[in-house]
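Quick notes on the structure that follows.
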Amino acid sequence: MENNQDYRITQKPFYLPITDEVEVFERAWAEQIPLLLKGPTGCGKTRFVEFMVYNLGQKLIRVTKGSKGLTADKRDYSQGVGSLYTVACHEDLTARDLTGRYIMKGGEAVWIDGPATMAVKQGAILYLDEVVEARKDVTTIIHPLTDHRRILPLEALGIQVKAAASFMVVISYNPGYQSIRKNLKPSTKQRFIALNFGYPPPEKESVIIQNEGMVSKEIAEKLVLLGSDIRNITTIDLEEGVSTRGLIHAAKLIKRGISPKRACSLAIAQTVTDEKEEIAAIEIIIDKIFR
Ligand SMILES: Nc1ncnc2c1ncn2[C@@H]1O[C@H](COP(=O)(O)OP(=O)(O)OP(=O)(O)O)[C@@H](O)[C@H]1O
Ligand SMILES: [Mg+2]
């Protein structure tokens, strides 16, 4: 079996829970229900998954209360628990990229497991990021993996692999950019439970910025205010509001000695839009907050 060391989350990620998402993940995992995360870019979806996978690896997840199905304690914490296989989906991604392929080695064809096969065998978490981008045939492997069967068909080998008890599928997408062409089928979506992520509320976003950006409370609060002003702006129609990630980038530049106005222009105004007038409108808000 492949080495899963590279996929283990060994450092505790900083994650500030926003509502009940930690409990929801724990229970979904205990009941073998796959999880769908929706939300705008840079709002904490990936960080959340990393945090939960770390907790699994540290055996911090103990779900027994009210859980009639499998419980954490009954799982064999086999080698893959605490490992995360993340796949950034794109329009050329096929089912085969997930399952595996033959490669030529010394004149011989050798089968190499793909990320889904490794996660299934090891009982790890398989995280399919921006899943709506993937080719349609990817659903042919998602479906049997995410219902009661929990099997991964390996067509090229003519076999099916049964998922280890601790295996779980997590998928995410951003409903904001969705077109009709790129949507999950109801038969796919309804195999999951869905957690809707948004931007953290102001007090929490401030704590996150202070922690990640290593800036003072005062700076963090100004950045939070800037974020909410930009997200609520009605005079311009931004494709998407500023992300928590963008606010953290501004904080990091400020910490490194770049003036707050310049930092916000670089990390925020210039990245949420390319339209001159919109950039100017955002820079007016920046000037007001960081006089
Ligand atoms: N609740 C939170 N606790 C700790 N950090 C957070 C939280 N929410 C957001 N962050 C910070 O925001 C950054 C961006 O979050 P993350 O990369 O998880 O976003 P995402 O939702 O996966 O975005 P994308 O859809 O673009 O992949 C993280 O690196 C982290 O610093
Ligand atoms: Mg992400």
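GNM on the chain, alpha-carbon springs under 10 angstrom: the most fluctuating residue among Ile208, Ile236, Ile248 is Ile236. 3J(HN,Hα) along segment 25-31: 4, 4, 6, 4, 4, 4, 9 Hz, from the Karplus curve 6.51 cos²θ - 1.76 cosθ + 1.60 with θ = phi - 60°, whole Hz, x for Gly and Pro. The relative contact order of segment 202-289, computed from alpha carbon pairs under 8 Å that lie at least 6 residues apart in sequence, is 29 percent. Dividing the convex hull volume of the alpha carbon atoms of segment 5-196 by its residue count gives 130 Å³ per residue. Per-residue Karplus couplings for segment 12-20, computed as 6.51 cos²θ - 1.76 cosθ + 1.60 with θ equal to phi - 60°, are listed in order as 5, x, 6, 9, 9, x, 9, 10, 9 Hz, Gly and Pro entered as x.
Just the number please: accessible area per residue for segment 125-269, 1.4 Å probe, all protein chains included, in Å². Working shown, then result.
Details: 7180 Å² over 145 residues.
Averaged over the residues of segment 125-269, the accessible area is 50 Å².
Each residue of segment 100-109 was assigned a 3J(HN,Hα) from its phi angle through the Karplus expression (A = 6.51, B = -1.76, C = 1.60, θ = phi - 60°), giving x, 7, 8, 10, 8, 9, x, x, 10, 7 Hz with x at Gly and Pro.
Over 22 Å between C-alpha atoms is what I'm after, so list which of Lys38/Lys288; Lys45/Lys255; Lys252/Lys288; Lys38/Lys222; Lys204/Lys255 land there.
Values: Lys38/Lys288 33 Å; Lys45/Lys255 25 Å; Lys252/Lys288 20 Å; Lys38/Lys222 27 Å; Lys204/Lys255 20 Å.
Violating the 22 Å limit, Cα to Cα: Lys38/Lys288; Lys45/Lys255; Lys38/Lys222.
May I ask you to give the percent of accessible area on segment 112-264 that is carbon plus sulfur, with a probe radius of 1.4 Å? Mind dumping the intermediate values first?
Details: 3850 of 7310 Å².
After summing per-atom areas, the C and S share lands at 53 percent.
Can you tell me the FRET efficiency between Val24 and Arg62 if r is taken as the Cβ-Cβ distance and R0 is 25 Å, rounded to the nearest 0.05? About 0.95, to the nearest 0.05.
Here's how it looks for Thr86: its modeled amide H is under 5 Å from those of Tyr127, which are all 5 or more places away or on a different chain. Seen against the Cα atoms of the chain and their longest principal axis, helix 45-57 is set at about 50 degrees. May I ask for the distance between the Cα centers of segment 216-275 and segment 134-153, given as a whole number of Å? That distance is 40 Å. Close amide H pairs (under 5 Å, H built 1.01 Å from N) link Phe197 with Lys38, Gly39, residues at least 5 positions away or on another chain.
Among Ser166, Ser187, Ser216, the residue with the largest mean-square fluctuation in a Gaussian network model of the chain, with springs joining Cα atoms closer than 10 Å, is Ser187.
Using a Gaussian network model of the chain in which every pair of alpha carbons under 10 angstrom is joined by a spring, one finds that among Ile33, Ile159, Ile171 the greatest mean-square fluctuation is at Ile159.
Dividing the mean sequence gap of close Cα pairs (under 8 Å, 6+ apart) by how many residues the chain holds gives a relative contact order of 19 percent.
What value in Å³ per residue do you get for the convex hull of the alpha-carbon atoms in segment 189-291? Don't jump to the answer; show the numbers that get you there.
Values: hull volume 11.8 nm³, N = 103.
Cα convex hull per residue, to the nearest whole number: 115 Å³.
Given H placed on each backbone N at 1.01 Å, which residues far from Gln32 in sequence or on other chains put an amide H within less than 5 Å of it? Close amide H contacts, sequence-distant or interchain: none at all.
The values are calculated or read from the model by the stated rules, or taken from the named source; none is laboratory data. Everything quoted here is computed from the prediction, not taken from an experiment. As a convention, Cβ positions derive from the backbone with ideal geometry for all residues, glycine included, and neighbour counts pool all protein chains shown. Side chains are part of the model used for accessible areas, which takes the heavy atoms of the whole protein and leaves out ligands, DNA and RNA. Shrake-Rupley method; radii C 1.70, N 1.55, O 1.52, S 1.80 Å.
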